[in-house]
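Undergrad: One structure, as structure tokens, below. Some questions next.
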Amino acid sequence: MSEWERKAEEFTEKIAREFYLTGSGQKEKLEIEPIYRQYADLFSEENVRERLMHLHDDPPATRYLAGMAASGFVENQVKKLDQDVTNAILAAKVDWDGEEVPFLQVPVLLANEEDWQRRHKLESLSSQVDAELLPRLRERLERVHEIAETLGFEDYVQMYKTLLDVDLDAQAQWLQKFLDETEEEYKRQLFDRLQKAGIPEDEATSADIAFILRAKEFDRYFEKDRMVPALLETLKAAGLSKGEDLPFTLDLEPRPLKSPRAFCSPVKVPEEVYLVIKPHGGRDDWDSFFHEAGHAEHFSHIPKSLPFPVRVLGDSDLIEVYSFHMQYRLLEPSWVRDIVGIRSPDLERYLSLSRFAKLFLLRRYVAKLQYEVSIHRGNVENAGEIYKATLERALHIHIAPERALRDMDDGFYTAMYLRAWLFEAMLREFLRKELGETWWRHPDAGDLLYQWWQRGQTKTLNDLLPEIGHTKLEMEPLIHDVLGLE
């Protein structure tokens, strides 16, 4: 390990710990500036250019290091803006029903509010907070674009096309086919669900979708105290765990400032990995918990002997495959029946809703990628208009333009999510063919998945495609998955 890599690993551990402590509610403010100052030489322009020169020397490890160096170079120069925005979000309050509600708790309130007019009022108050953040977020985005050009890239899009080895323009255009082929079925389901919920079609917003997907009718099956036992049972069924002890740390403390959604924090891989949850129960709670459990399982099982680039950094899209693969147990009929305990006719209604939830999310992310490609080509001033128009075209609901700059993923992580969704649907299709409909509890499932998992530590998503019978990412398995087709 070079001195640069040794310091890079120290830096990632300290940054991850800071985000863990803040996100888990153990700190009131995020403090990343001191860490960046301590490791400033790590992201000097000279060091970054050196990493970029060796981008393709010994892929994928050198690409991971170049990606960390270039991304770190950008983040180091906007660290104060990032810290200020994060802390502003942590401190923000919304006046609701005579009380000051933390801004971070608003999504939970929206999903549980039964009156659509009250939901819209609360959503409007939330948008005011987003509007207040826009000047700093716009300043950050413009600065990020300047920095990409400083490093010699044509623009931010070309920078990440190079670092990720993904043609972002082509992916955004190709995925339009997903929107086209699911359009009519999506609209049919959307309008039917809005009607049943008593929401006027021409008034519907993102908050209404959150309420519909909250699906309180299924809460009796998804109690918060059953999440961890269900995960243990799932791991045992696949032969991935033989005891009651998990290889990672569960943070279950109900702290006031704790993130309302589960997240995984790989502070020191593989020996110090946290799965942070503030369980409140419900289908969506389990959904995020199982997704993050996939991350925690992945990072906890990486051999300590592997070099830093593949052990800690890795291929982002492949890392998300592991999480989606755990998460979408919740879409497997036999798993839902045997582990969760849902029987007909509730089972059919639950699966239909879950497929719609995934379809909505996928359409949203395809539109987000198309929007992000446009914005990162310099359309910053028109971000709100482009965001609203692009997402409304895909989702057929009202979208708040104030969220335009907060609803962006650095480094085109949106594209990595989409590649992972495509691969994971292909993977489950492969496992069903190999092991049958109850593949998740087949006696060979654990060994097969573990071996595949191990190979994935030193390979990319593209390298693993032939192992599931494909030479390229294909869309049909994902379309069949969300539409419930055989």
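The values are calculated or read from the model by the stated rules, or taken from the named source; none is laboratory data. Predicted model only: the values in this text are computed from it and were never measured. Note that we place each Cβ from the backbone using ideal geometry, even for glycine, and neighbour counts take in every protein chain shown.
Undergrad: Run W96 past the list (1) closer than 30 Å to E381 by Cβ; (2) surrounded by 17 or more Cβ atoms within 10 Å (Cβ to Cβ); (3) more than 24 Å from the chain's Cα centre (by Cα) and report the number of the one that doesn't hold.
TA: The single condition W96 does not satisfy is (1).
Undergrad: Suppose the filter is under 27 Å from L122 (Cα atoms) and either touching a helix residue (DSSP H, G or I) at 6+ places or on another chain (Cβ under 7 Å) or not aromatic (F, W, Y) (or both); does E184 pass it?
TA: Answer is no for this residue.
Undergrad: What are the residue pairs meeting all of these: first residue in the range 74-97, first residue free of Cβ contacts under 8 Å to residues at least 40 places away in the same chain and more than 17 Å from K27 (Cβ to Cβ), second residue among the hydrophobic types (A, V, I, L, M, F, W, C) and not in a helix (DSSP H, G or I), Cβ atoms under 8 Å, and 6 or more apart or on different chains?
TA: As it stands, the answer is K93/V101; V94/V101; D95/V101, since those pairs meet every condition given.
A quick yes/no check of all residues on (1) crowded, with 21+ Cβ neighbours inside 10 Å; (2) farther than 16 Å from R329 by Cβ; (3) assigned by TED's automatic domain parsing to the domain that holds W452; (4) aromatic (F, W, Y):
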{"position": "V267", "(1), (2), (3), (4)": "no, yes, yes, no"}
{"position": "W286", "(1), (2), (3), (4)": "yes, no, yes, yes"}
{"position": "H295", "(1), (2), (3), (4)": "yes, no, yes, no"}
{"position": "L306", "(1), (2), (3), (4)": "no, yes, yes, no"}
{"position": "P309", "(1), (2), (3), (4)": "yes, yes, yes, no"}
{"position": "G314", "(1), (2), (3), (4)": "yes, yes, yes, no"}
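Undergrad: Taking the range 106-150 on its own, how many of its residues are among the hydrophobic types (A, V, I, L, M, F, W, C) and over 22 Å from L405 (Cβ atoms)?
TA: The qualifying residues number 4.
Undergrad: Additional query: Are any residues in the range 85-107 of a type outside the set (V, I, T) and assigned to a helix (DSSP H, G or I), and if so, which ones?
TA: Scanning the range 85-107 gives N87, A88, L90, A91, F103, L104, Q105, P107.
Undergrad: Does V166 fit the bill of being surrounded by 16 or more Cβ atoms within 10 Å (Cβ to Cβ) and more than 25 Å from E392 (Cα to Cα)?
TA: Spelling it out, V166 is indeed surrounded by 16 or more Cβ atoms within 10 Å (Cβ to Cβ) and more than 25 Å from E392 (Cα to Cα).
Undergrad: Looking for whichever is modelled with pLDDT under 95, of a type in the set (D, E, K, R) and not in a loop (DSSP other than H, G, I, E, B) here; the options are D58, D82. Which one fits?
TA: Unique residue meeting the criteria: D82.
Undergrad: Also, I was wondering about something else. Give all pairs with beta carbons closer than 7 Å in which a residue from the range 100-115 that is closer than 20 Å to R283 by Cα meets a residue that is among the β-branched types (V, I, T) and buried (at least 16 other Cβ atoms within 10 Å of the Cβ); count only pairs at least 6 apart in sequence or on separate chains.
TA: Short answer, once both residue conditions are applied: L104/I89; V106/V94; L109/V101.
Undergrad: For the range 243-266, check the following and say yes or no: at least one residue is modelled with pLDDT of 95 or more, within 30 Å of H54 (Cα to Cα) and either of a type outside the set (S, T, N, Q) or in contact with a helix residue (DSSP H, G or I) (Cβ under 7 Å, 6 or more places away or on another chain) (or both).
TA: Yes, the range 243-266 has at least one match.
Undergrad: Can you name every residue in the range 1-55 that is in a helix (DSSP H, G or I), closer than 30 Å to L257 by Cα and touching a Lys or Arg at 6+ places or on another chain (Cβ under 6 Å)?
TA: Residues satisfying the conditions are E13, L21, E33, I35, Y36.
Undergrad: Let me ask you something else. Going through R119, R136, R143 one at a time, which residue ends up being crowded, with 20+ Cβ neighbours inside 10 Å and either in the same structural domain as A70 (by TED's automatic domain parsing) or among the polar types (S, T, N, Q) (or both)?
TA: Values: R136 fails: crowded, with 20+ Cβ neighbours inside 10 Å; R143 fails: crowded, with 20+ Cβ neighbours inside 10 Å.
Every option except R119 fails the conditions.
Undergrad: Search the range 458-486 for residues that are among the hydroxyl-bearing types (S, T, Y) and pair each with any residue that is surrounded by 17 or more Cβ atoms within 10 Å (Cβ to Cβ) and assigned to a loop (DSSP other than H, G, I, E, B) when their beta-carbon atoms are under 6 Å apart and the residues are at least 6 apart or on different chains.
TA: Hits for this filter: T460/P60; T460/D315.
Undergrad: Return the residue satisfying two criteria in turn: it lies in the range 344-390 and is of a type in the set (K, R) and modelled with pLDDT of 95 or more, and of such residues it is farthest from Y160 (Cα to Cα). Don't jump to the end; show me each part of the working.
TA: So the first thing to find is which residues in the range 344-390 are of a type in the set (K, R), and the list is 349, 355, 358, 363-364, 368, 377, 388.
Those left that are additionally modelled with pLDDT of 95 or more: 349, 355, 358, 363-364, 368, 388.
Working: R349: 41, R355: 31, K358: 26, R363: 22, R364: 21, K368: 16, K388: 24 Å.
Result: R349.
Undergrad: List the pairs whose first member sits in the range 242-269 and is over 26 Å from F11 (Cα atoms) and in contact (Cβ under 8 Å) with a residue 60 or more places away in the chain, whose second member is hydroxyl-bearing (S, T, Y) and buried (at least 19 other Cβ atoms within 10 Å of the Cβ), and whose Cβ atoms are under 8 Å apart, counting only residues at least 6 apart or on separate chains?
TA: Filtered contacts from the range 242-269: E253/S24; R255/S24.
Undergrad: Would you be able to tell me the number of residues in the range 476-486 that are surrounded by fewer than 17 Cβ atoms within 10 Å (Cβ to Cβ) and among the aliphatic types (A, V, I, L, M)?
TA: Adding up the residues that qualify gives 2.
Undergrad: Still on this model: Out of everything in the range 169-209 that is of a type in the set (S, T, N, Q), closer than 15 Å to L359 by Cα and under 23 Å from the mean Cα position of the chain (by Cα), what residue ends up being surrounded by the fewest Cβ atoms within 10 Å (Cβ to Cβ)?
TA: Filtering the range 169-209 for residues of a type in the set (S, T, N, Q) gives 171, 173, 176, 182, 189, 195, 205-206.
In the following step, the residues that additionally are closer than 15 Å to L359 by Cα were identified as 176, 182, 189, 206.
Filter once more, keeping what is under 23 Å from the mean Cα position of the chain (by Cα): 176, 182, 206.
On the way: Q176: 13, T182: 20, S206: 21.
Per the criteria, the residue is Q176.
Undergrad: Give me the pairs: first residue in the range 12-25 and outside the structural domain of V312 (by TED's automatic domain parsing) and without any contact (Cβ under 8 Å) to a residue 60 or more places away in the chain, second residue part of a helix (DSSP H, G or I) and of a type in the set (A, V, I, L, M, F, W, C), beta-carbon distance under 8 Å, and six or more apart or on different chains, which are they?
TA: K14/I35; I15/I35; E18/I35
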